[in-house]
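Engineer: First the structure, which I've put down as structure tokens, then a few questions once you've had a look.
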Amino acid sequence: MEFTPEIKKATQAIYQKISKTIPEIEWSTHAPYIYEINKLKKEKNAVILAHNYQTPEIYHGISDFSADSLALAVEAAKTKADIIVMCGVHFMAETAKLMSPNKKVLLPDMRAGCSLSSSIKGEDVRKLKKQNPGVPVVSYVNTSADVKAETDVCCTSANAVKIVNSLGVRKVIFLPDDYLAKYVASQTDVEIISWKGTCEVHEKFNDTEINEIRKNNPGIKVIAHPECPPEVINASDFTGSTSGMIKYVKDNQPEKVMMVTECSMSDNVQVDNPNVKFIRPCNLCPHMKRITLPKILDCLKNETNEILMSDETIEKAKKSVERMAEIGR
Ligand code: 13P
Ligand code: SF4
């Protein structure tokens, strides 16, 4: 697509904001897509929801709402748009559909999965329930609709402890993230039965690299996502959801920070916190990175890659997500 003077002018304000993150030579490729997508979403009354791990040109260039997975689910329920384009992974688009079953929900690349979501099926949950009769099931929102259909209440990293405590029981089945389960267990007296799922991005971090970075950067604040292994969380100053981590930086304005999570977070947060220095050992989520501007434009233009589920699945799965939204953050 051509980077015309008209497009240059129309996208100038966006580029000024992110010019420290995106080199000018790359901008000439992104800008025509940003221009077209922003025009088309108005014409079609579409809303673009983007997860915090999306690249800066998506996060700052075209998204109407960027957030963690809990806020994306809540926003999907509230929106007045006719079409939701989910710039995130498959479980996020499915969750949006559960929250807004009458809306058209599009995912720019249907292969954008998640190692946690693919670690467990509805059938596995049924087996666990048989083995633990009467024990409620709390599932991370990073699961398929089939798993959500077998779940009493969903949670995200932003409210996992609150949701587990809200049930008022002695024991819960907590699926599928083993590390998040360990984190929740460290924050509550409720006994946790977990599953062996892990996030392929966060499991790669270790405390040796964090301690090394601390030694070389005295005073640095290390903030980690709760999908990290326990030794990483123990070596960190703060643990929270992706939006919790962003809020920590905004509120505390540390001189130096290391966000122990997906790479794009530091790029996105740097734009709004120019005085904070980001030390960036990070890992890429290959699923989040499947979402690109050309794919977003294509799916919005042709209304392809629609999330479709049977009425029965929606009916069964949405209760656990709605219950989570009622309990909140
Ligand atoms: P958040 O709910 O914290 O945004 O996390 C979602 C996710 O997939 C992190 O890997
Ligand atoms: Fe899934 Fe991990 Fe990617 Fe988040 S970062 S979408 S949990 S694989």
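The values are calculated or read from the model by the stated rules, or taken from the named source; none is laboratory data. Just so it is clear, the structure is predicted and the values come from calculations on it, not from any experiment. A quick note on method: Cβ atoms are made from the backbone with ideal geometry, for glycine too, and the neighbour counts reach across all protein chains shown. All accessible areas refer to the heavy atoms of the entire protein, side chains included, with ligands and DNA or RNA removed. Shrake-Rupley method; radii C 1.70, N 1.55, O 1.52, S 1.80 Å.
Engineer: Any idea which of ARG329, ARG323 is open to solvent by 80 Å² or more (accessible area, probe 1.4 Å), closer than 18 Å to LEU49 by Cβ and either in a helix (DSSP H, G or I) or touching a residue at least 60 places away in the same chain (Cβ under 8 Å) (or both)?
Structural biologist: After applying the criteria, what remains is ARG329.
Engineer: Give segment 126-146 a look and list any residue that's touching a residue at least 40 places away in the same chain (Cβ under 8 Å) and either in contact with a strand residue (DSSP E or B) (Cβ under 9 Å, 6 or more places away or on another chain) or open to solvent by 10 Å² or more (accessible area, probe 1.4 Å) (or both), or say none.
Structural biologist: LEU128, LYS129, ASN132, VAL135, SER139, TYR140, VAL141, ASN142, THR143, SER144, ASP146
Engineer: Right, here's the next one. How about segment 237-253: which of its residues are away from ligand 2 (no atom under 15 Å from the Cβ) and open to solvent by less than 20 Å² (accessible area, probe 1.4 Å)?
Structural biologist: Matches in segment 237-253: VAL249 only.
Engineer: Separate question: What are the residues in segment 91-118 that are in contact (Cβ under 8 Å) with a residue 60 or more places away in the chain, surrounded by fewer than 21 Cβ atoms within 10 Å (Cβ to Cβ) and closer than 20 Å to THR151 by Cβ, if any?
Structural biologist: Across segment 91-118, the qualifying residues are PRO101, GLY113, SER115.
Engineer: Moving on. Are there helices (runs of 4 or more DSSP H) fully within segment 170-267 with at least 1 residues that are without any contact (Cβ under 8 Å) to a residue 24 or more places away in the chain? List them.
Structural biologist: Output list reads 178-187, 207-216, 242-252.
Engineer: On to the next question. Quick check on this structure: which one of THR143, THR151, THR95, THR156 is away from ligand 1 (no atom under 16 Å from the Cβ) and either touching a helix residue (DSSP H, G or I) at 6+ places or on another chain (Cβ under 8 Å) or not aliphatic (A, V, I, L, M) (or both)?
Structural biologist: Criteria check complete, one pass: THR151.
Engineer: Just for segment 301-320: of the residues that are farther than 16 Å from HIS90 by Cα and surrounded by 15 or more Cβ atoms within 10 Å (Cβ to Cβ), which one is farthest from the chain's Cα centre (by Cα)?
Structural biologist: Ranking the candidates gives LYS316 first.
Engineer: Mind listing just one residue for me: the one in segment 193-219 that is crowded, with 16+ Cβ neighbours inside 10 Å and among the small types (Gly, Ala, Ser) and, of those, nearest to ligand 1 (Cβ to nearest atom)?
Structural biologist: Ranking the qualifying residues of segment 193-219, first place goes to GLY197.
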